[in-house]
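Colleague: After the structure tokens below, expect a handful of questions from me.
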Amino acid sequence: MSLSDLNYYDDLGLQELETKLRTDLNCLGVPGKNWVPRRDGVADVVIVGGGMCGMVAWLSLITGGMQNIRILDRAIDGYEGPWLTYARMETLRSPKDLTGPAFSHGGLTFQAWYRAQFGVTKWNALDKILRPMWMDYLRWYRHVLNIPIENGISLDYVENKGDLLRLQVSGVTDETILCRKLIFATGRDGTGSPNIPSFVNGLSQDLWAHCAHEINFSMLKNKCVAVIGVGASAVDNAAEALEHGATEVRHLIRRKEMPTINKMMGIGSFGFTAGYADLPDEWRWRFMQYSFATQTPPPHGSTLRVSRHKNAYFHFDKETIEIQQHGDKAKIFFSDNTSYLADFVILGTGFKIDPLARTEFGKNAGNILLWKDVYIPPKDEENDELGCFPYLNPDFSFCEKVAETAPWFKNVFCFNYGASASLGKVSGDIPGISEGAAWLARAIASQLYSEDIEEHWQLMLNYKKPELQGHEWTPTELHPNKDQGKVA
Ligand SMILES: Cc1cc2nc3c(=O)[nH]c(=O)nc-3n(C[C@H](O)[C@H](O)[C@H](O)COP(=O)(O)OP(=O)(O)OC[C@H]3O[C@@H](n4cnc5c(N)ncnc54)[C@H](O)[C@@H]3O)c2cc1C
């Protein structure tokens, strides 16, 4: 049977798809029976971040019957995550048939959503998912599941209050929220920040921007633009500048050659997803370090989007060591003693993992255990960047650097890119997030259950509802068989 024979979703229309999906969820008993003992004024779980990781975490939790949840996002409704803000690629890199946050529900996939509206012919003709369309899908996902994201609310600070967590939030409401568990579904920079090299220190703010910043590209018309780096975001930003009429755009690249092989994508499998977290430190480090060292190439389409412009250049072996302001220009100096004068510099320098760069933990961030506190790699596998990743428990929770100083870290779960060194690719990129969410919800359920063990035990003792009323059977005397007792 070919794909086109499996045409249930085709041209179904969104309304029908929604009806089918809701029926499926109902048949599967979603949301699951609420089993967590209620504590007045306390949320069982707060999810910070209403992007795809936050939403699939929510689905996974309510499927498991944990329904006393709040989900907060500082972004305005429909603009969660990078997709309509600083993401500047035309399409997603991931293949169109990825299942992402669908959590094993066929009707919740991007494919079902697309085919219900546009049919199989258009689906077959679609190459990659257009970026804004991915956001449309995520908005629909939120709508069809009725996910109660509270937008315009920022988590500013978390601390413990006895065995609870106290969250200080601001935005459309200024309140203190008490909860038992907190999930940081805070995105690509959710355990860190954009990586801003020190060579821009002192440079006027109107001469540079990081890819994750808002950039007024029309301002770059007729300007010479330097893009530092050649990762995915670097090339997308270069393309934007070129398409807005930049005079020239020059990628200034530290490495000697273009990375061309996407190693992590190549080895993606259920085995890797399921097995990575259980590997000893040296193997986990080795995989991640190798992936960092070989680097992920920019996507094929994005690279061509730059290269089709005659005024686009790729300069390798150009390590930026300093930038000086020369009037209204930026003079960039390289380690080979050459330089380039740019009108504007875009930092395609990615993100760094650094819990201290986040405000939510305050000074407690310094007490988060990191890989460098735990593992000393062999000389040829050293990597400072990787050493700054949090060293997480197998259930996504943070560990303390100094034992018994912040035992409440076990109630705070890192469900974002920062978890990847410890747990693999299950909480950042689209492909593995349903697996990660299932795993996270199971771990939280286990914690909640064991913390309330006395109440659950009492429930068992108190449970008195008979399944049999007494009339369903008749007791009788047992009489010996005729032959019983005779010796042969
Ligand atoms: C430019 C770009 C392109 C990408 N392209 C792809 C791709 O093609 N394929 C792929 O698989 N992956 C891609 N990724 C990686 C990954 O899929 C995305 O980062 C994705 O957005 C991760 O989803 P998320 O839910 O973890 O985070 P996000 O979608 O970023 O959502 C996090 C949310 O948390 C909120 N938040 C953060 N801190 C707080 C706080 N203190 N209080 C309240 N709210 C807060 C933010 O407002 C945000 O809405 C891309 C990433 C980037 C940055």
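Colleague: Given H placed 1.01 Å from N in the peptide plane, which residues other than close sequence neighbours of Trp208 have an amide H under 5 Å from its amide H?
Modeller: Val345
Colleague: Any chance you could get the radius of gyration and Dmax over the Cα atoms of the range 360-415, in Å?
Modeller: When restricted to the Cα atoms of the range 360-415, Rg and Dmax are 12.0, 36 Å.
Colleague: P(r) tail for the range 161-235, what percent of Cα pairs lie past 17 Å?
Modeller: I get 66 percent for the Cα pairs in the range 161-235 exceeding 17 Å.
Colleague: Tell me, what HN-Hα J-couplings in whole Hz come from the Karplus equation 6.51 cos²θ - 1.76 cosθ + 1.60 at θ = phi - 60° for each residue of the range 376-389, using x for Gly and Pro?
Modeller: 9, x, x, 3, 7, 10, 5, 6, 4, 4, 5, x, 8, 5
Colleague: Further, regarding this structure: Please sort 289-301, 427-439 by packing, taking for each peptide the average over its residues of neighbouring beta carbons within 10 angstrom, highest first.
Modeller: Put in order of decreasing packing, that is 427-439, 289-301.
Colleague: Here's something else I'd like to know. So what J values fall out for the range 241-249 if you push phi through Karplus, 6.51 cos²θ - 1.76 cosθ + 1.60 with θ = phi - 60°, rounded to Hz, Gly and Pro as x?
Modeller: Computed from phi, the couplings for the range 241-249 are 4, 5, 5, 9, x, 4, 5, 7, 10 Hz.
Colleague: 5 Å is the cut-off here: which amide hydrogens, built 1.01 Å from N in the peptide plane, fall below it relative to Val169, excluding neighbours closer than 5 in sequence?
Modeller: Those lying under 5 Å, H to H, from Val169 are Asp156, Glu175, Ile177.
Colleague: Same structure again: Going by alpha carbons, how many degrees (0 to 90, nearest 10) lie between the helix axis of 433-451 and the longest principal axis of the chain?
Modeller: Approximately 50 degrees, to the nearest 10.
Colleague: Same structure again: So which of Lys181/Lys425; Lys33/Lys410; Lys161/Lys410; Lys352/Lys425; Lys363/Lys401; Lys221/Lys318 end up more than 19 Å apart by C-alpha? Write down the numbers at each step before the final one.
Modeller: Details: Lys181/Lys425 22 Å; Lys33/Lys410 25 Å; Lys161/Lys410 14 Å; Lys352/Lys425 17 Å; Lys363/Lys401 13 Å; Lys221/Lys318 25 Å.
Flagged as over cut-off: Lys181/Lys425; Lys33/Lys410; Lys221/Lys318.
Colleague: Ok, one more. Taking amide H atoms as placed 1.01 Å from N in the peptide plane, list the residues 5 or more away in sequence, or in a different chain, whose amide H sits under 5 Å from that of Ile368.
Modeller: Lys401
Colleague: If the reach is capped at under 17 angstrom between alpha carbons, list the lysines near Lys128, excluding any in the same chain fewer than eight residues apart.
Modeller: Reachable lysines: Lys96.
Colleague: Separate question: Quick one: Karplus J couplings for the range 319-325, per residue in order, coefficients 6.51, -1.76, 1.60, θ = phi - 60°, nearest Hz, x for Gly and Pro?
Modeller: Per-residue couplings from phi come out as 8, 6, 10, 7, 10, 10, 7 Hz.
Colleague: Determine the equivalent ellipsoid of the range 223-370 by diagonalising the alpha-carbon gyration tensor, then write out the semi-axes as square roots of 5 times the eigenvalues, largest first, rounded to whole Å.
Modeller: 33, 21, 14
Colleague: Restricting everything to alpha-carbon atoms, can you work out Rg to Rh for the range 1-124 with a Kirkwood hydrodynamic radius? Can you show the working numbers first?
Modeller: Details: Rg = 17.1 Å, Rh = 16.7 Å.
In the range 1-124, Rg relative to Rh is 1.03.
Colleague: Moving on to the next point. Rank-order 14-25, 81-92 by packing density, defined as the average count of other C-beta atoms within 10 Å over each peptide's residues, highest first.
Modeller: 81-92, 14-25
Colleague: Looking at the range 181-284, which trypsin sites (Lys or Arg not before Pro) are in a loop (DSSP not H, G, I, E or B) and have at most 12 other Cβ atoms within 10 Å? Present the calculation step by step, with values, prior to reporting the outcome.
Modeller: Numbers: sites: Lys181, Arg188, Lys221, Lys223, Arg250, Arg254, Arg255, Lys256, Lys263, Arg284; in loops: Arg188, Lys221, Lys223, Arg254, Arg255, Lys256.
Passing sites in the range 181-284 are Lys221, Lys256.
Colleague: Around Gly51, with a cut-off of 9 angstrom between Cβ atoms, what is the net charge of the other residues, counting Lys and Arg +1 and Asp and Glu -1? Working shown, then result.
Modeller: Working: positive: none; negative: Asp73, Glu80.
Once positives and negatives cancel, what remains is -2.
Colleague: Sum -39500 (n - 2.57) across every DSSP H segment of at least 4 residues in the chain, then divide by the residue count to get the 222 nm mean residue ellipticity, nearest 500. Walk me through the numbers before you get to the answer.
Modeller: Numbers: 14 runs with 143 residues, N = 488.
Calculated mean residue ellipticity at 222 nm is -8500 deg cm²/dmol.
Colleague: Moving to a separate point now. Using a/c under 1.5 as the rounded threshold, could you call the chain rounded, prolate or oblate? The axes a ≥ b ≥ c are square roots of the C-alpha gyration tensor eigenvalues, and prolate needs a/b larger than b/c, oblate otherwise.
Modeller: In terms of gyration-tensor shape, prolate.
Colleague: Oh, and also: Going by a ≥ b ≥ c, the root eigenvalues of the Cα gyration tensor, does the range 198-256 fall in the rounded group (a/c under 1.5), the prolate group (a/b larger than b/c) or the oblate group?
Modeller: Taking the square roots of the gyration eigenvalues as a ≥ b ≥ c, the range 198-256 is oblate.
Colleague: Under a Cβ-Cβ cut-off of 11 Å, what is the net charge of the residues other than Ser170 that fall near it, where Lys and Arg count +1 and Asp and Glu count -1?
Modeller: -2
Colleague: Report, in degrees rounded to the nearest 10, the 0 to 90 angle that the Cα long axis of helix 14-27 makes with the longest principal axis of the chain.
Modeller: 40
Colleague: Could you sort the peptides 158-167, 453-462, 415-424 by per-residue average Cβ neighbour count (10 Å cutoff), highest mean leading?
Modeller: Answer by packing, highest mean first, reads 415-424, 158-167, 453-462.
Colleague: What is the dipole size for the range 38-94, taken about its Cα centre, with +1 at each Lys and Arg Cβ and -1 at each Asp and Glu Cβ, in debye to the nearest 20?
Modeller: In debye, rounded to 20, the range 38-94 gives about 120.
Here, each number is a calculation from the coordinates, and none is a lab measurement. All values reported here derive from a predicted model rather than from experimental measurement. Ideal geometry is used to build each Cβ from the backbone, glycine not excepted, and the neighbour counts take in all protein chains shown.
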